[in-house]
Amino acid sequence: MTKPEILFLDIIQQIPNAIKGKAFGALCIKVHNGKIAAIFWKERILLKLPLIDLNISLKLKESKTATHLYSTDKPMKGWVSIPYRHSEQWIKYAKKAVEYVGN
C-alpha cells in the first residue's frame, strides 16, 4: 500500500458519517444516502465539492477538474482532482465533500 492510499484510508476513519466503499474499482468515500463524496485514484483524491470550495481547490498547484476514471476526456462536473503534494489539505476537502453530498 502506498502512502497516499494509507492516508486516504485514514481520512475515512477520521470523518464521521464517511463510509469506505468502491467505485469503478477504486477506493471511495460514500455517505449514508449512497452518494460518493471522494475517490482515491492514481495517488490523487477526487472530490465532489460545492462551487466555492471547488474554485478554491482548483487554485492548488497541479489540481484540476476531475475526469472519469477510464475516460479522461470526460470532465466530471463539480469534481476536483487534488494531487498527493497537497495531502495536508485532503482531510479538509474530504470533510467538505462528505457534508456536501450528504445533504
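The values are calculated or read from the model by the stated rules, or taken from the named source; none is laboratory data. In this text the structure is predicted, and so the values were computed from the model without any measurement. Using ideal geometry, Cβ is built from the backbone for each residue, glycine included, and neighbour counts are taken over all protein chains shown.
The conditions of being at pLDDT 95 or above and in a strand (DSSP E or B) are met by Leu27.
Among the residues of segment 14-38, those that are under 16 Å from Val80 (Cα atoms) and β-branched (Val, Ile, Thr) comprise Ile29, Ile36. The C-beta contact set for segment 14-26 (first residue without any contact (Cβ under 8 Å) to a residue 60 or more places away in the chain, second residue surrounded by 15 or more Cβ atoms within 10 Å (Cβ to Cβ) and charged (D, E, K, R), distance under 6 angstrom, 6+ apart or interchain) comprises Ile19/Lys30; Gly21/Lys30.
Can you tell which of Ser81, Ser63 is surrounded by 14 or more Cβ atoms within 10 Å (Cβ to Cβ), in contact with a His (Cβ under 9 Å, 6 or more places away or on another chain) and closer than 25 Å to Lys3 by Cβ? Break it down stepwise before answering.
Working: Ser81 fails: in contact with a His (Cβ under 9 Å, 6 or more places away or on another chain).
Going through Ser81, Ser63 in turn, the sole match is Ser63.
Among the residues of segment 75-95, those that are within 16 Å of Ile36 (Cβ to Cβ) and in contact (Cβ under 8 Å) with a residue 24 or more places away in the chain comprise Met76, Gly78, Trp79, Val80, Ser81, Ile82, Trp90, Tyr93, Ala94, Lys95.
The single residue among Lys48, Lys61 that is more than 13 Å from Tyr93 (Cβ to Cβ) and either in contact with a Cys (Cβ under 9 Å, 6 or more places away or on another chain) or among the basic types (Lys, Arg) (or both) turns out to be Lys61.
Against the condition at pLDDT below 95 and either touching a strand residue (DSSP E or B) at 6+ places or on another chain (Cβ under 7 Å) or among the aromatic types (Phe, Trp, Tyr) (or both), how does Leu69 come out, does it pass? Write out each step before concluding.
Numbers: at pLDDT below 95: yes; either touching a strand residue (DSSP E or B) at 6+ places or on another chain (Cβ under 7 Å) or among the aromatic types (Phe, Trp, Tyr) (or both): yes.
Taking the combined requirement at face value, the residue satisfies it.
In the set Thr67, Thr72, only one residue is free of Cβ contacts under 8 Å to residues at least 24 places away in the same chain, among the polar types (S, T, N, Q) and within 22 Å of Gly102 (Cα to Cα); that residue is Thr67.
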